[in-house]
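Working notes, beginning with the structure itself.
The values are calculated or read from the model by the stated rules, or taken from the named source; none is laboratory data. Please read all numbers here as calculations on a predicted model, not as lab measurements. Please note: Cβ atoms are built from the backbone with ideal geometry, for glycine as well, and neighbour counts cover all protein chains shown.
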Amino acid sequence: MTWDSFRLSETLAQLRAFGDDTTLVECKTAKGGIPADIGETLCAFANMPQTGSILLGVSESLGFVVTGVDDPSQMEKSVVNVNRNSVDPAPQLHISHLAVDGKAVVAIDVMPLLPQEKPARYQKNAYLRQADGDYVMNSNDLRMLSISALNEPERVDYDFAPLPSTGIELLDQSALEEYLKTIRSSRSRLANISDHQQLLQMTNVCDTNGNLRLGGLYALGYLPQAFDPALGATAAVRLTRDGRKGRNQNLVELEGPLPAMLEAGMAWVQQNTTITSRYNDHGHLVDTPEFPPSAIREVLANALVHRDLGPSLEVGKKVEIRVTERSLVVSNPGGLRGVTRDQLLSSSLTKAPVNKRLYEIARYLRMPDGQRVIEGEGGGIQEILTVTREARLPEPRFIDTGVEFKVIFPRGSRFSEEDEAWLSSLSDSLTPTEEDLLVTLRTSGPMSIGRLGLRYVPMSQNACVAMVDKLESLGVVSLVDDIVALADGATGDHPSIQDLSSLGVNVPALFEALSSLGDSTVHQLSEYTGLSVGQVRYALDPLITQGYAKMNGGQGSRRTTYSLTTRV
C-alpha cells in the first residue's frame, strides 16, 4: 500500500491510540539529518514477518505530530546508503515523500527478508523489533528465526513429542471424561472404540506405550506446569510509572489444563477491567463488560493453543495477559506459521495451526459452561473485529514479530469526541456499524458497495445494501451507481456524491478509487475501476481542476501518479 495523506493521517491517529506500542511503525524527528540508529531500525524491520514503516519528520515525543524534514531528497539518499552499505542482507525499501501543511515527511516501507535470508545484521548484530524499539536478538530469538525458515516437512512437531514415564494418571479426570464423551459423540468411527487408552492413542493424547505426548499433557493434564512451568500463563495489571511502589498488581499464575486456564484468564480479565451498568431496551439494568467476552475468549484460546511449544519452553516463556491504562494486551511465544497477518485478517476463513495435534485435541475440549475452547473453522478473527465494532471499541491490533504474536485491545471509544457529536446530530437510531460507516465516509470519502461488503464481513451483501438503504432514508447518505457517499445534508469533509456526479459520469467511481488506493498511476486506476485509460484521464481533469485531486510527476510520464489533495 502506497503512502498518501489519508494513510498518514490514519496511521498517526492509530499511533496516538496505541502510543505505548510502536512495533510496526517507527517515527523519528530527523531534524539534523538521518537518526544515528536508523541502521538498527532498518535491520529490525527486515527481520519481521510483515512490512514495517519508518516515518521521518514525525515527533513521537510531541504526540505523533508532523514536524517535517528539511531536505527529503537528501534524507532518502542517506537512508538508502545506510541500508545498502551497512545492513546485510539489505532489505528492499519503498520510499514516499509526503507534504502535510507545508512540512515534508519521508515514509519508508521496509520489506521483510525471505525466511531463508534472515537474520539481517547491522554492525554484526541481528536486531528484533519490539513494542518500544529495536533490540539485539538473543540466541532463542535466532533459533526461532531459523525454525521459521524450515520447510514444513523439516519442522519438528513439538506437540507430538512423547514424554517418557508419563501416563493418563497425570490427566485431569473431569477434563478427560468430557473430552472422551465429546469426541465419541462427534466422530462416528471413534465412537466405536470402547477402549479409552486406544482412543487416546489414536487422537495423539498418548503414544503406543501409554506415554503422554506434550500436546496431550498440555491440553488435558491436571497440572502440566509441574512438568514444565512455561506451559502456564501469567496475568497482571501493569501500573504507570508515577512514583507508586511496584510495577504490577493482581499478578496471578494460570495453571491446569487448557479449559481451566482459559476460564481463569477470562475471569481475571473481567475482574480487572471495567464493568458498566446500564438499562437495556426492556428497562432492565444489565452489567456490560468493557471488552466483549466472545472476543476475549477467542484471543485467549488462540494464544494458548497456538503458542510455541519448542524453543520458547526451554527459556521459560509463557502466554501473557496484561492490562495497562490504555489497553488490554494478550501475547504468546512464537509467531504465525503458514499464514501471514494480512491473510489472517482477510475475509476468507483461514486455518493455519502452529501445533496441529494440539489443535485437533482442542477442538473437542469444552469449558465448564459447555462452550468450545476453539471453534476450529478459522472465522474467529472476523468475529473479534465484528464484536469489538458492535461494542464501539477501537479495532484491535494484531502484531506478528516472528518470535511473538500479540493482540492489543485499546481502551475507550472507537470514535473521537468530535465524531460522537457529529453522529448525534445526524440521528439517535444508528447502530454501531452504521456509525462506523458514516465516520469512515466522513474521513475517507465515498466507497463502493463492494468495498463496503469487504469492510463489514461477515455481513451479507443484502445486509450491507439494507444498511445503506436505511441511512439513505434518514437522509445521511446517497447511493449513485453503487457508490456510497455522505448526503448533502450531512456535514462531511469530502464532496458529496451529487458534487462529484456533476463533474462527470465516471468521476464518483474514480474518486472512490483514489480514496481506496491512494497514490496511483492511470493504469492502476483503470484496472481498479474497469474504466479505459482514456475514461480515467477524462475523469481526472475535473477532479484536478476543482482541487480534489493532484498530479504527482510530469505530464506524459508513466511514473506519474495521482492522489487526492489535503482539501478532501
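When Leu438 is tested against (1) in a helix (DSSP H, G or I); (2) surrounded by fewer than 21 Cβ atoms within 10 Å (Cβ to Cβ), just one condition goes unmet, and that condition is (2).
Would you check if Pro292 is surrounded by fewer than 23 Cβ atoms within 10 Å (Cβ to Cβ) and not charged (D, E, K, R)?
Details: surrounded by fewer than 23 Cβ atoms within 10 Å (Cβ to Cβ): yes; not charged (D, E, K, R): yes.
Judged against the criteria, Pro292 is a match.
I need the full set of residues from region 260-293 which are of a type in the set (S, T, N, Q) and either under 24 Å from the mean Cα position of the chain (by Cα) or not in a strand (DSSP E or B) (or both), in order please. Gln270, Gln271, Asn272, Thr273, Thr274, Asn280, listed by residue number. Answer yes or no as to whether Ile296 is in contact (Cβ under 8 Å) with a residue 12 or more places away in the chain and over 28 Å from Asn140 (Cβ atoms). Answer is yes for this residue. If only residues of region 52-81 that are surrounded by fewer than 18 Cβ atoms within 10 Å (Cβ to Cβ) and hydrophobic (A, V, I, L, M, F, W, C) are counted, the one that is nearest to Ile34 (Cα to Cα) is Val80.
Suppose we keep only residues that are of a type in the set (S, T, N, Q) and either in the same structural domain as Arg322 (by TED's automatic domain parsing) or in contact (Cβ under 8 Å) with a residue 12 or more places away in the chain (or both) within region 83-124. Which one would you say is nearest to Trp3 (Cα to Cα)?
Within region 83-124, the first condition is being of a type in the set (S, T, N, Q), and the residues that meet it are 83, 85-86, 92, 96, 116, 123.
Imposing the further condition that a residue be either in the same structural domain as Arg322 (by TED's automatic domain parsing) or in contact (Cβ under 8 Å) with a residue 12 or more places away in the chain (or both) reduces the set to 83, 86, 92, 96, 116, 123.
Numbers: Asn83: 20, Ser86: 26, Gln92: 16, Ser96: 6, Gln116: 29, Gln123: 30 Å.
By that ranking, first place goes to Ser96.
Restricting attention to helices (runs of 4 or more DSSP H) lying wholly within region 294-412, give those where 2 or more residues are under 28 Å from Arg213 (Cα atoms). Full working, then the answer.
Numbers: elements: 311-314, 341-345, 356-362, 380-390.
By residue number, 311-314, 356-362.
Set side by side, the residues Ala485, Ala509 differ, and just one is in contact (Cβ under 8 Å) with a residue 24 or more places away in the chain, crowded, with 17+ Cβ neighbours inside 10 Å and not in a helix (DSSP H, G or I), which is Ala485. Taking the condition of being modelled with pLDDT of 95 or more and of a type in the set (Asp, Glu), how many residues in region 248-289 meet it? Summing the residues that are modelled with pLDDT of 95 or more and of a type in the set (Asp, Glu) in region 248-289 gives 3. Looking at Asp132, Asp159, just one residue is more than 23 Å from His306 (Cα to Cα), touching a residue at least 60 places away in the same chain (Cβ under 8 Å) and not β-branched (Val, Ile, Thr), and that residue is Asp132.
Condition check ((1) of a type in the set (Val, Ile, Thr); (2) modelled with pLDDT of 85 or more; (3) out of contact with any Asp or Glu (no Cβ under 9 Å at 6 or more places or on another chain)) across all residues:
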residue: Ser473; (1), (2), (3): no, yes, yes
residue: Leu479; (1), (2), (3): no, yes, no
residue: Asp482; (1), (2), (3): no, yes, yes
residue: Asp488; (1), (2), (3): no, no, no
residue: Asp493; (1), (2), (3): no, no, yes
residue: Ser496; (1), (2), (3): no, no, no
residue: Asp499; (1), (2), (3): no, no, no
residue: Val505; (1), (2), (3): yes, yes, no
residue: Pro508; (1), (2), (3): no, yes, no
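Which ones in region 180-216 are in contact with a Cys (Cβ under 9 Å, 6 or more places away or on another chain) and in a helix (DSSP H, G or I)?
Within region 180-216, the subset in contact with a Cys (Cβ under 9 Å, 6 or more places away or on another chain) is 197, 200, 212-213, 216.
Residues satisfying the conditions are Gln197, Leu200, Gly216.
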